[in-house]
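Remarks on the structure that follows.
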Amino acid sequence: MIYFDNNATTPIDTAVVEAMQPFLTTFHGNPSSLHRHGRVVKTAVEQARQQVADLVKVNPDQVVFTSGGTEANNLCIASAISSKKHHILFGATEHPSVSEPIRHLSSSGFIIDELPVNKEGGLNEEVLKNSLRAETGFISVMHANNETGVIQDIAPLASLAQEMGVIFHTDAVQSIGKMAVEFNSLNVNLMSVSGHKIYGPKGVGAIIHDRKTPLEPLFYGGGQENQIRPGTENVASIVGFGQAAQLASELLEDRSKHLLALQKSLEQGISDISGLTIVSSEAERLPNTSQILLDSVDGEMLLMQLDQRGVAVSSGSACSSQSKAPSPVLKAMCVPDKLALSAIRVSLGQQNTLQEVSDFVSILKEIVA
Ligand SMILES: Cc1ncc(COP(=O)(O)O)c(C=O)c1O
């Protein structure tokens, strides 16, 4: 079985499972309890906070654990509610966990505008400058796209927002662990991250904040996570996320080199298939993501045929794999609908090998032929 769907989720690292195990068995305490059972798990949660903070080069008090990237995005967007300015801008290729909560706000009086991208999926300062208004209070632009792997140059966009006193959020769920991501260098106020894209467990993520942006809890209860995200902590998953973040910090260079070598071999291998295009091949992309368009091919059929041959890829985004509509990301990049429906996304992981890439290239060529 060849698993090339690592942007949907990554397999959990064995070191992560080992780190989590005692917190599912031996150490069952509640981190809020003052006795020793509580203290031991509280220490583990704080160690995980430090590990996540180290990955993005912030202080641990800037990390708030959530139930994943989706909640982190929703929580960051909720900060727009506390702003007196009611205009929100967001990138046209954002993940639904950003675009949907923002659309939802339009029903409570917020005015929302999408920031268009160019044909390569890039968003430039000029576009942002032209869309900013005196009433703009919140901007969200993703760091790396889950379908195309396109990396946005966030710092100049965020700096523009800072000059205007506008809150800037970036969804870094797909970029952490695949490239160096330093919160402070991006110049953003808020950032979202997730555990299961970096070989950690599902159902855990975090927001990274600059300490000065007012954060609005999504729900109310005990005072956990500094009153921002109440509820008894998902201790084992937080510990697993911390371990995954530590591995990502330690192995970042080796992992991204390995991914790049796989991606180069893959894209070279398929380059002679007629009618094939690699989306955003001219743009700066993640070292693991290649979205492929194939003239006159149905992407979903191709996905099923690849599955029958033991290869797992995705057609467009995994989160929208139920629908047959062309990907909104490709639509925003002006890819014609018929061609967009041929898309398959190959997303590589640290566990993949050059042999798997070579087998995939042969299988794809056989199916297309
Ligand atoms: C760019 C991006 N943002 C957010 C999410 C949601 O993260 P989670 O699955 O942890 O809720 C995903 C998941 O695919 C994603 O790719």
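The values are calculated or read from the model by the stated rules, or taken from the named source; none is laboratory data. It should be emphasised that the depicted structure is a prediction, and the values quoted were computed from it without experimental measurement. Every residue, glycine among them, receives a Cβ derived from its backbone with ideal geometry; neighbour counts consider all protein chains shown. Ligands, DNA and RNA are stripped out before the accessible areas are found, and what is left, the full protein with its side chains, is counted by its heavy atoms. Shrake-Rupley method; radii C 1.70, N 1.55, O 1.52, S 1.80 Å.
Computed values, structure above
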item: Pairwise centroid distance, computed over Cα atoms, of the stretch 106-176 with the stretch 201-273, Å; result: 20
item: Amide proton proximity set for Ser140, modelled H, under 5 Å, gap of 5+; result: Leu89, Phe90, Gly91, His169
item: Percent RCO, i.e. relative contact order, over the stretch 205-296, from Cα pairs under 8 Å lying at least 6 residues apart; result: 17
item: Integer Hz, Karplus 6.51/-1.76/1.60 couplings in order for the stretch 156-168, x for Gly and Pro; result: x, 5, 5, 5, 4, 5, 4, 4, 9, x, 9, 5, 10
item: Estimated dipole of the chain in Debye, rounded to 20 [Cβ of Lys and Arg +1, of Asp and Glu -1, Cα centre]; result: 800
item: Whether the stretch 153-288 is rounded, prolate or oblate, judged on the alpha carbon gyration tensor where a/c under 1.5 counts as rounded; result: oblate
item: Accessible area (Å², per residue) of the chain, counting only protein heavy atoms and a probe of 1.4 Å; result: 42
item: Of Gly349, Ser315, Thr14, farthest towards positive along the dipole that unit charges on Lys, Arg, Asp, Glu beta carbons give the chain; result: Thr14
item: Shape of the stretch 19-96, Cα gyration tensor, a/c cut at 1.5; result: prolate
item: Point-to-point label distance, Lys257-Ser271, nm (Cα→Cβ direction, 7 Å offset); result: 2.3
item: Of Lys202/Lys365; Lys57/Lys119; Lys197/Lys365; Lys202/Lys331; Lys202/Lys324, those spanning more than 31 Å from alpha-carbon to alpha-carbon; result: Lys202/Lys365; Lys57/Lys119
item: Listed residue (Met304, Phe168, Phe27) projecting farthest to the positive dipole end of the chain, Cβ model; result: Phe27
item: For Val117, residues with placed amide H under 5 Å, excluding near neighbours; result: Ala92
item: Net lengthening on full extension, Glu120/Asn184 (0.36 nm per residue, minus Cα-Cα); result: 20.4 nm
item: Amide H contacts under 5 Å for Asp153, placed H, 5+ residues apart; result: Leu123
item: Area accessible to solvent at Val193, 1.4 Å probe radius, in Å²; result: 0
item: For the stretch 14-247: rounded, prolate or oblate by the Cα gyration tensor [a/c cutoff 1.5]; result: prolate
item: Within the chain, percent of DSSP bridges classed antiparallel, to nearest 5; result: 50
item: Packing-based ranking, highest mean first, of 237-245, 327-335, 350-358 given that Cβ atoms within 10 Å are counted; result: 237-245, 327-335, 350-358
item: Residue-wise HN-Hα coupling along the stretch 103-111, computed from phi with Karplus coefficients 6.51, -1.76, 1.60 (Hz; x: Gly, Pro); result: 4, 4, 5, 5, 7, 10, x, 7, 9
item: Packing rank of 219-231, 120-132, where each peptide gets the mean count of other beta carbons within 10 Å, highest leading; result: 120-132, 219-231
item: Residue-by-residue Karplus 3J(HN,Hα) for the stretch 332-338, coefficients 6.51, -1.76, 1.60, Hz, glycine and proline x; result: 4, 8, 6, 7, x, 3, 5
item: Among 288-294, 61-67, the order from most to least packed when residues are scored by Cβ within 10 Å on average; result: 288-294, 61-67
item: Relative contact order of the stretch 14-247, defined on C-alpha pairs under 8 angstrom at six or more residues apart (%); result: 29
